[in-house]
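Undergrad: Structure incoming, see below.
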Amino acid sequence: MKKPLWEPTEGALVAWLNANRQALPVDLWTITLIGGTVLRYSSADVPVTLLGHTWALGPGIQRGRRQQRIGVAVDTLSLTIYADDTVLVGSVPMLQALAKGLFTGATVALSRAFLDLAGVCKGVVPDFFGRVGTVRAGRSQASVDVRSHAELLDVMIPADVYQPGCRNTLFDAQCGLSAAAYTVAGTASAAGETTRRTITSVSAAVLAKPTAWADLGVLAFTTGANAGVSRTVRTHTNSSGTATVSVVYPFPFAIGAGDAFTLRAGCNKVADGDCTVKFSNRARFRAEPLIPAPETVT
């Protein structure tokens with residue numbers, strides 16, 4: 001038996017299961033979206049409150065095929081989610097959110113709570129943990145594949161390679177910069193166009209940043225239909241008292257006037273470019289900028 005996440009005292013759950021022939025096992029689903037939104041759902045017929053959190057009734061979640069192996073392998077879990085338009089993620093129906101990609105990269109934690117016949121929890125055991133993979137959404141249900149984090153080991157390249165662009169990820173421990181120091185908040189000044197790729201704002205904090213400050217950065221909505229969704233910035237311009245931000249990939253839902261967002265600076269990973277000019281962080285640059293450009297002989 002896996003080590004319980006919670007039990008009244010150490011060993012109490014095993015002792016209770018050994019002493020009782022009847023128990024009510026309940027699935028507890030904890031889904032954490034990329035934007036930080038946490039969804040908690042229970043398979044019980046009533047909400048379950050444990051450890052200061054409540055797992056609501058929510059959608060119907062049916063477990064399907066599960067594959068787990070001993071050793072370094074990618075474990076998988078198949079889910080079928082049943083929901084109608086009353087089950088919302090923020091202000092968006094859940095099946096629409098799944099179809100539009102709001103669950104991309106989300107983590108899924110499955111735990112099993114054991115209740116006695118009076119509904120008192122005797123312990124919680126971890127069952128599965130992974131990331132959302134393939135999603136196939138329909139009108140009344142969605143099929144979701146969840147894969148363990150071991151899939152991150154499938155990258156067939158070494159950790160460091162010789163390259164002219166910086167190997168650091170902006171704001172990671174090796175970069176050393178603070179993301180909060182390079183993030184500003186704003187609101188959309190008008191409804192977005194049909195492609196859902198362009199946001200305009202007249203917020204003072206956004207206008208205070210020069211053109212191209214957020215190029216290759218991140219724009220994340222905090223309110224509106226796209227709350228919790230982020231996209232990489234393609235271009236950022238300030239002109240005539242209006243900031244215009246264009247993102248690489250469209251947002252899943254229409255952008256409304258007044259939708260709040262955060263805008264974070266980006267880096268082009270060039271030693272004498274953003275690393276020096278924008279961030280003054282040349283001492284932490286990790287790359288080989290003098291590598292000759294590749295040449296092709298034809």
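Undergrad: Which of the lysines could a cross-linker span from LYS278 if the Cα-Cα distance has to be under 20 Å and same-chain partners fewer than 8 positions apart are dropped?
TA: LYS209, LYS269
Undergrad: Using helices alone, what [θ] at 222 nm do you get for the chain, with -39,500 (n - 2.57) per DSSP H run of 4 or more residues, divided over all residues and rounded to the nearest 500?
TA: -1500 deg cm²/dmol
Undergrad: I'd like the Karplus ³J(HN,Hα) series for region 165-180: coefficients 6.51, -1.76, 1.60, θ = phi - 60°, whole numbers in Hz, and an x wherever there's a Gly or Pro.
TA: Calculated HN-Hα couplings, in order: x, 4, 7, 5, 8, 3, 6, 7, 4, 6, 5, x, 8, 9, 5, 4 Hz.
Undergrad: Show the residues, 5+ positions off or on another chain, whose built amide H is closer than 5 Å to the amide H of ASN281.
TA: THR276
Undergrad: What is the Cα radius of gyration of region 85-194 over 2.2 N^0.38 Å, N being its residue count?
TA: 1.57
Undergrad: If I model a spin label as a point 7 Å beyond the Cα along the Cα-Cβ vector, how far apart are those points for GLN141 and LYS2 in nm?
TA: Reported label-point gap for GLN141 and LYS2 is 2.4 nm.
Undergrad: Out of these labelled values of semi-axes √(5λ) of the Cα gyration tensor in Å, (i) 42, 26, 18; (ii) 26, 23, 21; (iii) 36, 24, 15, which was calculated from the coordinates shown here?
TA: (i)
Undergrad: Starting from the Cα of GLN22, move 7 Å in the Cα-to-Cβ direction to define the label point; list residues of region 112-137 whose amide nitrogen is under 12 Å from there.
TA: Output list for this probe position: 116-119.
Undergrad: Quick check: from the Cα gyration tensor, does region 182-265 come out rounded (a/c under 1.5), prolate or oblate?
TA: Note, shape of region 182-265 comes out rounded.
Bear in mind these aren't lab numbers, they're just calculated from the coordinates by the rules spelled out. This one's a predicted model, so the numbers in the text were calculated from it and none came from an experiment. Cβ sites come from the backbone with ideal geometry, for glycine too, and all protein chains shown count toward neighbours.
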